[in-house]
Structures are given as C-alpha cells and as structure tokens.
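Shown next, in structure tokens, is the structure this report addresses.
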Amino acid sequence: MTIPDWLQFEEGWLAPYAMPSRLSRGRRYPEDPHPYRTIFQRDRERIVHCAAFRRLMGKTQVIVAQWNDHHRTRLTHTLEVAQISRTIARRLRLNEDLVEAIALSHDLGHPPFGHAGEAALDECLRQHGGFDHNLFGLYQVDEREHRYPEFPGLNLSWEVREAFVQHSQRRDLPETAPFFAMGAPLLEAQVVDLADSLAYDTHDIDDALGTELLTFDDLESVEFWCRAAEIARQKYPELRRHEFRVAVIRHLIAWQVGDLIEETSRRLQEFDIRTLADVRNASVPLVGFGPEVSQLKADLEQFLHQTVYQHHRVLRLAHKGKRILKALFAEFVRSPELLPPRHLRRWQDLPPTWLQRTQRSAGGTIHDSAKVPLERVVGDYLAGMTDRFAQQEYLRLFQPSTDE
Ligand code: MG
C-alpha cells in the first residue's frame, strides 16, 4: 500500500510499538478515507462535535457543578486528561491523535452526579445487567448520537471503541470478546488510563482546597503533598496561599508525568517491546508509575477517600443526586407515558441493540420480547442527562407549582 505524503509523518515519527493509522481495523460502517485527515484525527473531531461531549460541561466530576465556577466539571477534567495524555504520548512517540480521541471520549458515558449517579443507576438496573459507564459510553458513540445520515452514532474506529471495552473489564459478554481477543490494550489506551488517575488525584486536591473541603493543615499528613510543597517553597519562598497552591499542584502533575514517562520507557526496554505485536502479547501493564510514586499516589488516594469523598458536603450532594435519579427512574418505569416521545418510541418500536441484549443476558431477566426493556430505556435517558437537567426534570415531575 502506498502511503500518501500527508501521512508520512506517522511513518517517520511514531515508535514501532505505537498504533499507526494505516493499521487501524477500521469502522463498523466502512467509509472512504479522508483526503488529508487520519482515521483517529476524524474520530477526535467527531467526538468534540457530538452532543454527549458538550453535556460533559454539566456533569459532576467530584464537586457538584453549581458550587462555584472554578472547580473541575467532567468536561474540564476530560480536557486535562487529554492534554496530559498528549504530552506523554509525544514523549513516547505514540499516536497523539489516537490518544486524544480516547481521552476526549473516556468519560462520555458518565451519568449525572458523578460516582453517586453511577451507583444509583447500577442499583436501579440490577435486574437488567446493571450500569457500566464504559459500556454506556460505547453505546452513546455507537448508537445514541445522530449526526450522519449514512450510519447511526459516530462510527468511530475499532481502536477508540476498544478502549471503552478494555476499560470496562467486562469479559463476560459475547459482544466484548472480540475486543479482548486482540490481547493487551494499546499503549495509547494505557496512557489515557493513567493520565486519568494522575489528573483526578491532583485536581481533586486543588478543588478540595478551593472549595474549603480541605485546608493546608489537613494535607500535612500526605507525604506526596508535603514533598511537592517543600520543593515549591524552596523555589518560591514568598508565595501567597493561592499561588503556593497552584505551584504545588503544578509540581505534582509534572512529577507524575515525568515519572510515568521514565518508568514506561524502562518497562518497554525491560520487556523488549519492539512492535505492536509485542504490546498486544505483553502480560503486564507497560505504562505505569515507578514504585515510589505508586506508593505516594496510593496514600494520597486513601486520604482523598477518607476526607474529600466522605466530606459531609460532598455526601449530601451525592445522596441528593442518587435520590433524584432513583425517583425519576421509579416514576418513568411506573408511567412510561411521561417520557419524552423520542424515548418512549425507543421502548415501543425499536428492537434492542447488541448492548441492550448483552446487558440483559449478562445480568438479569431474559425476555422473549423483541422490545428493549422499559427499564433500560429509562436508564439510558437518565444516564445521558446533565446534573442540571436531571434536577429540572425532577422539579417538573414532582413539584406541584411547575407547569410542564
Ligand atoms: Mg475520567
């Protein structure tokens, strides 16, 4: 196959263990190649243009969107993950377009109200296979976006779709098996996974300080913070509180990114990874932090769990979010005629998609009916909502004084 001149940069630049566009397994619905954009570039741009991506703006990361205008939402978290992933990918000479597409789509399936929302939906759908935001993300990009007359969804490449499935770890479903049959995840997907954890561990401290869930004194017991703070103090002894906070956060990110690049390069050498096939056949994760940073991060995560995620102000909002989703779920299942017509039609008219079939057969009741179970339709409707929309829908259904 001759490689067009505009694609030569990949040949000259990418490491032999990176995923070049020309080796992509392609799309579900075949399309003509673009005259000057790679398949992964097009994926990235399709993701940025889709409605689910815009809705990330209104979805809680940890702290509910309305607290103030400064902390992360799921959209800004996603953008941080994308840029950290790209830095790592460039240094390791991986495919930046693919890394960016995976990063920008990694949280598209998250429901409103963060992990509390996910737990609520999982409980509501227990008899119907439960709720997994990775599989729901795949379902969003495969079926629920309506942007192209030629095919449903965004028709993304196999490799971006694979990242959702690999991250879900759901090996029990027949439809996910072909993705796992490829072997270990691509390095590009592994990078996004760790950039995600690096980003949220760090920005959750920043947001917790910014919203006064934490004080600097609380962080005295966190070695990772203390060591980064010491370096910031040495470099800038005169900083005021806010500048100091930003300097420490910046150092924590740089420390983790540098460590990740170093450790991953070491592993690639140690395991003699020379080709894409070597990546697929590897039996250990190839992208990772060194032992010291792994331990510091684990301690930090334990601290965040005990303090920030269990803070009474965070828990109140989490419980409220759960209550809203459960009440909406029960009401729509009891009275499906209250659903907007587009969603009601999905229940009445459409045969189940592969995902709905597998979710049913994996976890719960198997119906002979060719219809999508109502619970799944309601779950999909709720999972796609922003926090604000779910709150408004709750008011519209339950508050006597609203008129629609
Ligand atoms: Mg994330």
> Any idea how many residues of the range 195-236 are of a type outside the set (S, T, N, Q), within 16 Å of the ligand (Cβ to nearest atom) and touching a helix residue (DSSP H, G or I) at 6+ places or on another chain (Cβ under 6 Å)?
Replying inline: 7
> Of all residues in the range 67-98, which are outside any helix (DSSP H, G or I) and among the basic types (Lys, Arg)?
Replying inline: Arg72, Arg93
>> Go through the range 156-194 and report how many residues are modelled with pLDDT of 95 or more, among the charged types (D, E, K, R) and away from the ligand (no atom under 13 Å from the Cβ).
In response: 4
> Can you name every residue in the range 356-403 that is closer than 20 Å to Pro112 by Cβ and either assigned to a loop (DSSP other than H, G, I, E, B) or at pLDDT below 65 (or both)?
Replying inline: Gln359, Gly384, Met385, Thr386, Gln399, Thr402
>> Quick check on the range 209-226. Is at least one of its residues closer than 26 Å to Arg90 by Cβ and in contact with a Phe, Trp or Tyr (Cβ under 7 Å, 6 or more places away or on another chain)?
In response: no
>> I'd like to check which helices (runs of 4 or more DSSP H) are fully inside the range 126-210 and have at least 2 residues that are crowded, with 23+ Cβ neighbours inside 10 Å.
In response: 133-139, 158-168, 187-210
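The rows are residues; the columns are (1) farther than 14 Å from Arg376 by Cβ; (2) within 16 Å of the ligand (Cβ to nearest atom).
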| position | (1), (2) |
| --- | --- |
| Asp97 | yes, no |
| Ala103 | yes, yes |
| Ala116 | yes, yes |
| Gly130 | no, no |
> Could you list, in sequence order, the residues of the range 151-194 that are in contact (Cβ under 8 Å) with a residue 24 or more places away in the chain, in contact with a helix residue (DSSP H, G or I) (Cβ under 8 Å, 6 or more places away or on another chain) and within 15 Å of Thr264 (Cβ to Cβ)?
Replying inline: Ala184, Leu186, Leu187, Glu188, Ala189, Val191, Val192, Asp193, Leu194
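Restricting attention to the range 187-208, and to residues there that are hydrophobic (A, V, I, L, M, F, W, C) and touching a Phe, Trp or Tyr at 6+ places or on another chain (Cβ under 9 Å), which single residue is nearest to His71 (Cα to Cα)?
In this case the residue turns out to be Ile205.
Please enumerate the residues belonging to the range 43-62 that are outside any helix (DSSP H, G or I) and within 16 Å of the ligand (Cβ to nearest atom).
Matches in the range 43-62: Lys59, Thr60, Gln61, Val62.
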>> Take the residues in the range 307-319 that are part of a helix (DSSP H, G or I), surrounded by fewer than 18 Cβ atoms within 10 Å (Cβ to Cβ) and under 23 Å from the mean Cα position of the chain (by Cα); name whichever of them is modelled with the highest pLDDT.
In response: His319
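The values are calculated or read from the model by the stated rules, or taken from the named source; none is laboratory data. The model shown is predicted, which means the values in this text are computed figures rather than measured ones. Reconstructed Cβ throughout: ideal geometry from the backbone, glycine too, with neighbour counts over all protein chains shown.
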